[in-house]
1. So between Glu60 and Ile72, what do we pick up on full extension, going 0.36 nm a residue minus the alpha carbon distance?
2. May I ask you to compute the full-extension gain from Gln47 to Glu19, defined as 0.36 nm times their residue separation minus their alpha-carbon distance, rounded to one decimal in nm?
3. When a/c reaches 1.5 or more, the comparison of a/b and b/c decides; with that in mind, is region 58-100 rounded, prolate or oblate per its Cα gyration tensor?
4. Where nothing but the Cβ of Lys and Arg (+1) and of Asp and Glu (-1) is charged, how large is the charge dipole of region 58-100 around its Cα centre, in debye to the nearest 20?
5. Could you list which residues have their amide H under 5 Å from that of Ser73, counting only those 5 or more apart in sequence or on another chain, with H placed in the peptide plane?
Amino acid sequence: MRPRRLPGEICDTDLPVPEGDDLAELADSWNRMADQLEIRIQSVLSQNHQQEAVLASMIEGFLAVDNDQRVISVNNAAARLLGKPLGEVQGPKLARGHSERRPEASSSPTR
């Protein structure tokens, strides 16, 4: 039998692995899958913390939107530029004026 997991992990305990049974293979596979899932979750959380640290340290404003024009990531500098608290900027759709593209500059010289 494998040792218990720490509280707060994906599965607090491993499944007991019976000996010489088809269920033993299933329980062992389940336990390996839970271990792999825990490793992947910790990796994603670590990457998320790194991204947050980079965005927070930037002096430039950063704002990312999804295909529906909802703000999915923003840093403090961008929130200050928009004149809103950080919590109010992330989540809602951008205002129509902010989501429209500006026309390309003309390549012909002006007189």
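1. The span from Glu60 to Ile72 would gain 2.6 nm if fully extended.
2. Between Gln47 and Glu19, full extension yields 6.2 nm more.
3. On the way: a/c = 1.66, a/b = 1.58, b/c = 1.05.
Prolate.
4. Roughly 120 debye, rounded to the nearest 20.
5. Those lying under 5 Å, H to H, from Ser73 are Ala64.
Each value in this text was obtained by applying a stated rule to the coordinates, not by laboratory testing. Quick caveat, the model's predicted, so the values are computed rather than measured. Counting neighbours? That spans all protein chains shown, and the Cβs are built from the backbone with ideal geometry, glycine included.
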